[in-house]
Structure formats: structure tokens, C-alpha cells
Amino acid sequence: MQISYELTERDFREAYAAHRNRNTLSKWARRVFIWTAGLGTALILFGFLLKPTAQDAKNLLPFFGLVVMWIAILWLLPIWTMRRQFLKQPGAHGPRTLLLDSSGAHWRWNGGSSDIEWKNYIRTVEGKNQILLYTSPACFNILPKRALEGATLDEVRELLRQNVRISK
């Protein structure tokens, strides 16, 4: 089966999110941390707003600076990093073709190609809008689901299920 597509910056951002949430523990640990930190921050802010004083404002300034830093690290840094990854990677731009057959995946893009046998894939992760094919714990290829039509997506899932371990 042959699939043609072009990667976008959004594909990179969403693939990073799928990679980051590839297992249940990392997905929920991050969510619990964010909710706990958010609730703690809201309670501290609420307490300050009930009885504001200049001294409390000075005391809480470093705390709210830390909150801003964590927001930047958790939301803005990944967006910026994936944007840089996409913009500075010439092979990510232009048309790509993926041929999946019984021997493996055959990738073709502007300036290169790669033929990878199924035995070299250690897992796949299906995100909301991508399928990630891993050749190592942190190295993966991105296949956007938008390049797959309804029946093709089911065929790809079945082919991957037969040849590669699927991570949930």
C-alpha cells in the first residue's frame, strides 16, 4: 500500500504530544501534576485576593514567577522546540511517500529514502492525528492520519498489528 503526504509543523507538535503521552503512566502523571499545581496556585491566589497586603504581594512574587516559568516549560517550550525541529530539518519539507508491504516500510522524501524491515520497528503509537513508528525508544517516523482514507487507516492498523508491537 502506498501513501503520499507532506509533513507540517502541526504534525511535529502533535507527534511530540503523542510521543509524550505514549504510555498511561506518563500521560496521567503529567495531568495530575498540572491539575495539582493549578489548584494550588488558584488557592494561593484566592487567599491573597481575599486579604491582599503589600507584604504578601512581595512574598508571593517569586511563587508566581515560578508559575509563569512552569507554564512556559510545559506549554511554550514544546511548541517552540517542535517548530525549530520542523523548520531546521530539510528532509521534513516537501512530498513524502510511504510504501508498506510484507517486508517493511519504504520511505521516500525529497533528498532521501529509507527501507526498514518490520523486525527493526520496536513499537507503534497511535495518536489522535498520527501514527508513530519507532525504531528506538525515542526515534520515530510520523505518518499523519490525514493521509489515510477510512479503509486505508484500517488496513494500516492491521498491517502494523501483524508486524509491530502496538503500544497503548
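All of the numbers you see were taken from the coordinates with simple rules; none came from a lab. A quick note: this is a predicted structure, and the numbers were derived from the prediction, not measured. Ideal geometry is used to build each Cβ from the backbone, glycine not excepted, and the neighbour counts take in all protein chains shown.
Quick one: how many lysine pairs does the chain have with C-alpha atoms less than 22 Å apart and a gap of 8 or more or different chains? Give me the count, please.
Working: Lys27/Lys128; Lys27/Lys145; Lys27/Lys168; Lys119/Lys168; Lys128/Lys145; Lys128/Lys168; Lys145/Lys168.
Taking the chain as the scope, the lysine pair count is 7.
Under DSSP H, which helices of the chain have Cα atoms covering 18 Å or more of the helix axis and a Kyte-Doolittle average no less than 0.0? Walk me through the intermediate numbers first.
On the way: long enough: 24-50 (39 Å, 1.15); 54-71 (25 Å, 1.01); 150-163 (20 Å, -0.73).
The answer, listed by residue number, is 24-50, 54-71.
Over segment 99-168, calculate the relative contact order: mean separation of alpha carbon pairs under 8 Å at least 6 apart, over the residue count, as a percent.
26
Considering the Cα trace of the chain, what is its radius of gyration and what is Dmax, both in angstroms?
21.3, 70
With the contact rule set at Cα under 8 Å and sequence spacing of 6 or more, what percent relative contact order holds for the chain?
Value for the chain: 30 percent.
What's the extension gain from Glu117 to Ser26 if we count 0.36 nm per residue and subtract their Cα-Cα distance?
My answer for the length gained is 29.9 nm.
How high is the FRET efficiency from Arg157 to Leu66, r the C-beta distance, R0 41 Å, rounded to 0.05?
Values: r = 43 Å, r/R0 = 1.05.
The value I calculate is 0.45.
Run through all the Cα pairs of segment 10-87 and give the fraction in each 5 Å bin from 0, expressed as whole percent.
Reading upward from the zero bin: 3, 13, 17, 18, 15, 12, 9, 7, 5, 1.
Determine, for Trp28, Trp70, the number of other Cβ atoms within 10 Å of each Cβ, and report the residues in order from fewest to most.
Trp28, Trp70
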